[in-house]
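**Q** Quick one: the structure is below, and I'll ask about it shortly.
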Amino acid sequence: MWLYLVGVLSLYYLLRWYRERQVVSHLRDKYVFITGCDSGFGNMLARQLDLRGLRVLAACLTEQGAEQLRGQTSDRLETVTMDVTQTESIAAATQWVKERVGDRGLWGLVNNAGISVPSAPNEWLTKQDFVKVLDVNLLGVIEVTLSMLPLVRKARGRVVNVCSVMGRISFCGGGYSISKYGVEAFSDSLRREISSFGVKVAIIEPGFFKTEIINTETFLTKYQELWDQASPDVKDAYGKKFLDSYMKAIETKGKNSSPRLSLVTDCMEHALTACHPHTRYSPGWDAKLFYLPMSYMPTALVDAMIYLKSPRPAKAM
Ligand SMILES: NC(=O)c1ccc[n+]([C@@H]2O[C@H](COP(=O)([O-])OP(=O)(O)OC[C@H]3O[C@@H](n4cnc5c(N)ncnc54)[C@H](OP(=O)(O)O)[C@@H]3O)[C@@H](O)[C@H]2O)c1
């Protein structure tokens, strides 16, 4: 009986392994457009796909970032500057892509650009603080996708949206988690609509990785700024000790994040090149063993876990 079970399981994993390794043909003719290539995952993916021989169209926020990337890659990789919050910038980049891909269409669109600040306890923030993050992380993804989708449909290609474990579980105030929950919802509806045209949509949900977006210094400076601007009522309710503990927690999170960015870019590459890409990828042990299991737990249990780990405001009951 046990032998039979082991045999069936081994066969299942062998077939899965084989299926996962099937790669689409003519990779060297395929164009992939990636947003946010100045640094982090986007920058690494651009270089990785360039090495693999794909035709990379890398969008950077700054010309300086674009120039640096061109200096590290082959002549086949081309760059464009694009701000995902600016409609004209997206329209110009789409036209630029259209001129390059021609009748082949765009094989891959990777929505990677993102920001994480301002983020702090919700009460410390203004509507504008939420808008700033949502504009890049959610509306940027939606507008770039809508603009490029006709080109992706033509190639029967792939849309890869970079989300986060924080799109599965929300434990920090501000727009970041909200934006990532939004990207999950947008990706799910898009996948269901667009599959009939042969387009596949994949979602990448990384845990915490050492990139500029989780730069401890940036967070600490921003927290201090938000604290300084907070109303006397908020300051009284939370107290300076809360701010200090909150900052310490951020420093620890920064130290504990993974330096292995390739875990994420390998998932992106698989989503773009495999015949059978996954719908969701969860790179990072923290994502696999902690955040995702937590997202399936009863809300009351998760609330209690987060409550126990969080600093206590001065006027907490
Ligand atoms: N690192 C993590 O732990 C982690 C975890 C989960 C998900 N993610 C997601 O991964 C994605 C990439 O982030 P990362 O970790 O690689 O951080 P990163 O190094 O800060 O990369 C983000 C990129 O987006 C660009 N960008 C910012 N605002 C933009 C705008 N308005 N238009 C166009 N580009 C813009 C940045 O340009 P500049 O460098 O010029 O500012 C940068 O190149 C983000 O969507 C992030 O939410 C990261």
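**Q** Looking for something out of contact with any strand residue (DSSP E or B) (no Cβ under 7 Å at 6 or more places or on another chain), outside any helix (DSSP H, G or I) and touching a residue at least 40 places away in the same chain (Cβ under 8 Å) - is there at least one such residue anywhere in the range 287-295? Quick ask: steps written out before the conclusion?
**A** Looking only at the range 287-295, we keep the residues that are out of contact with any strand residue (DSSP E or B) (no Cβ under 7 Å at 6 or more places or on another chain), and these are 287-295.
In the following step, the residues that additionally are outside any helix (DSSP H, G or I) were identified as none.
So far as the range 287-295 goes, no, none of its residues is out of contact with any strand residue (DSSP E or B) (no Cβ under 7 Å at 6 or more places or on another chain), outside any helix (DSSP H, G or I) and touching a residue at least 40 places away in the same chain (Cβ under 8 Å).
A quick yes/no check of all residues on (1) touching a Lys or Arg at 6+ places or on another chain (Cβ under 8 Å); (2) at pLDDT below 90; (3) polar (S, T, N, Q):
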position	(1), (2), (3)
Ala230	no, no, no
Thr252	no, yes, yes
Ser258	yes, no, yes
His276	yes, no, no
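**Q** Right, here's the next one. How many of the residues in the range 106-129 are touching a Gly at 6+ places or on another chain (Cβ under 7 Å) and crowded, with 18+ Cβ neighbours inside 10 Å? Reasoning before the result, please.
**A** Our first condition is that a residue be touching a Gly at 6+ places or on another chain (Cβ under 7 Å); within the range 106-129, this holds for 106-108, 112-114, 118-122, 125, 129.
Still in the running and crowded, with 18+ Cβ neighbours inside 10 Å: 106-108, 112-114, 118-121, 125, 129.
Residues that pass the stated criteria total 12.
**Q** Still on this model: Taking only pairs six or more apart or across chains, which ones have beta-carbon atoms under 9 Å, a first residue in the range 130-146 that is assigned to a helix (DSSP H, G or I), and a second residue that is of a type in the set (Lys, Arg)?
**A** Asn137/Lys180; Leu138/Lys180
**Q** So, one more: Just to be sure I understand, how many residues within the range 31-53 are in contact (Cβ under 8 Å) with a residue 60 or more places away in the chain and crowded, with 24+ Cβ neighbours inside 10 Å? Write out each step before concluding.
**A** Step one: of the range 31-53, the residues in contact (Cβ under 8 Å) with a residue 60 or more places away in the chain are 31-37, 39-42, 44-45, 48-49, 52.
The next check asks that each one be crowded, with 24+ Cβ neighbours inside 10 Å; those that pass are 32-37, 41-42, 45, 49.
Count: 10.
**Q** For Arg76, which of the numbered conditions (1) surrounded by fewer than 18 Cβ atoms within 10 Å (Cβ to Cβ); (2) over 27 Å from His26 (Cβ atoms) fails to hold?
**A** Among (1) surrounded by fewer than 18 Cβ atoms within 10 Å (Cβ to Cβ); (2) over 27 Å from His26 (Cβ atoms), the lone unmet condition for Arg76 is (2).
**Q** Only one residue in Ala300, Ala304, Ala237 is part of a helix (DSSP H, G or I) and surrounded by 13 or more Cβ atoms within 10 Å (Cβ to Cβ), so which one is that?
**A** On the way: Ala300 fails: surrounded by 13 or more Cβ atoms within 10 Å (Cβ to Cβ); Ala304 fails: surrounded by 13 or more Cβ atoms within 10 Å (Cβ to Cβ).
Result: Ala237 is the single residue among Ala300, Ala304, Ala237 that is part of a helix (DSSP H, G or I) and surrounded by 13 or more Cβ atoms within 10 Å (Cβ to Cβ).
**Q** Follow-up. Starting from residues that are over 16 Å from Gly114 (Cα atoms) and not hydrophobic (A, V, I, L, M, F, W, C), keep the ones in the range 159-186 and report whichever is surrounded by the fewest Cβ atoms within 10 Å (Cβ to Cβ).
**A** Ser170
**Q** Can you name the condition, by its number, that Val160 falls short on among (1) closer than 23 Å to Leu261 by Cβ; (2) modelled with pLDDT under 95; (3) of a type in the set (A, V, I, L, M)?
**A** Only one criterion is unmet by Val160, namely (2).
**Q** For the range 195-254, how many residues meet the condition of being in contact with a Ser or Thr (Cβ under 6 Å, 6 or more places away or on another chain), more than 12 Å from the ligand (Cβ to nearest atom) and not hydrophobic (A, V, I, L, M, F, W, C)?
**A** The qualifying residues number 1.
**Q** Does the range 271-317 hold any residues that are out of contact with any Gly (no Cβ under 8 Å at 6 or more places or on another chain), away from the ligand (no atom under 16 Å from the Cβ) and small (Gly, Ala, Ser), and which are they?
**A** Matches in the range 271-317: Ala274, Ala300, Ala304, Ser310, Ala316.
**Q** For Ser262, are the conditions met, namely being surrounded by 13 or more Cβ atoms within 10 Å (Cβ to Cβ), among the polar types (S, T, N, Q) and either at pLDDT 90 or above or touching a helix residue (DSSP H, G or I) at 6+ places or on another chain (Cβ under 6 Å) (or both)? Walk me through it before giving the result.
**A** Numbers: surrounded by 13 or more Cβ atoms within 10 Å (Cβ to Cβ): yes; among the polar types (S, T, N, Q): yes; either at pLDDT 90 or above or touching a helix residue (DSSP H, G or I) at 6+ places or on another chain (Cβ under 6 Å) (or both): yes.
Spelling it out, Ser262 is indeed surrounded by 13 or more Cβ atoms within 10 Å (Cβ to Cβ), among the polar types (S, T, N, Q) and either at pLDDT 90 or above or touching a helix residue (DSSP H, G or I) at 6+ places or on another chain (Cβ under 6 Å) (or both).
**Q** Further question on the same structure: Does the range 210-231 contain any residue that is among the hydrophobic types (A, V, I, L, M, F, W, C) and assigned to a loop (DSSP other than H, G, I, E, B)? Outline the logic, then answer.
**A** Let us first name the residues in the range 210-231 that are among the hydrophobic types (A, V, I, L, M, F, W, C), namely 213-214, 219-220, 226-227, 230.
Filter once more, keeping what is assigned to a loop (DSSP other than H, G, I, E, B): 230.
Looking through the range 210-231, at least one residue is among the hydrophobic types (A, V, I, L, M, F, W, C) and assigned to a loop (DSSP other than H, G, I, E, B).
**Q** Of everything in the range 61-70, what is out of contact with any Gly (no Cβ under 8 Å at 6 or more places or on another chain) and surrounded by 20 or more Cβ atoms within 10 Å (Cβ to Cβ)? Give them in sequence order. Lay out the reasoning, then the answer.
**A** Residues of the range 61-70 that are out of contact with any Gly (no Cβ under 8 Å at 6 or more places or on another chain), as a first pass: 62-70.
Residues satisfying the conditions are Gly65, Ala66, Leu69.
**Q** Quick one: what pairs do we get from the range 58-69, first residue without any contact (Cβ under 8 Å) to a residue 60 or more places away in the chain, second of a type in the set (Lys, Arg) and more than 10 Å from the ligand (Cβ to nearest atom), C-beta under 8 Å, 6+ apart or different chains?
**A** Here the result reads Leu69/Arg47, each pair linking the range 58-69 to a residue that is of a type in the set (Lys, Arg) and more than 10 Å from the ligand (Cβ to nearest atom).
**Q** When you look at Lys127, is it closer than 21 Å to Tyr176 by Cβ, more than 14 Å from the ligand (Cβ to nearest atom) and without any contact (Cβ under 8 Å) to a residue 60 or more places away in the chain, yes or no?
**A** On the way: closer than 21 Å to Tyr176 by Cβ: yes; more than 14 Å from the ligand (Cβ to nearest atom): yes; without any contact (Cβ under 8 Å) to a residue 60 or more places away in the chain: yes.
It is true that Lys127 is closer than 21 Å to Tyr176 by Cβ, more than 14 Å from the ligand (Cβ to nearest atom) and without any contact (Cβ under 8 Å) to a residue 60 or more places away in the chain.
**Q** Kindly provide the set of residues from the range 170-185 that are in contact (Cβ under 8 Å) with a residue 24 or more places away in the chain and away from the ligand (no atom under 13 Å from the Cβ), ordered by number. Give the derivation first.
**A** We begin by selecting, within the range 170-185, every residue in contact (Cβ under 8 Å) with a residue 24 or more places away in the chain; these are 171-176, 178-180, 182-183.
Matches in the range 170-185: Phe171, Gly173.
The values are calculated or read from the model by the stated rules, or taken from the named source; none is laboratory data. It should be emphasised that the depicted structure is a prediction, and the values quoted were computed from it without experimental measurement. Note: ideal-geometry Cβ built from the backbone for every residue, glycine included; neighbour counts use all protein chains shown.
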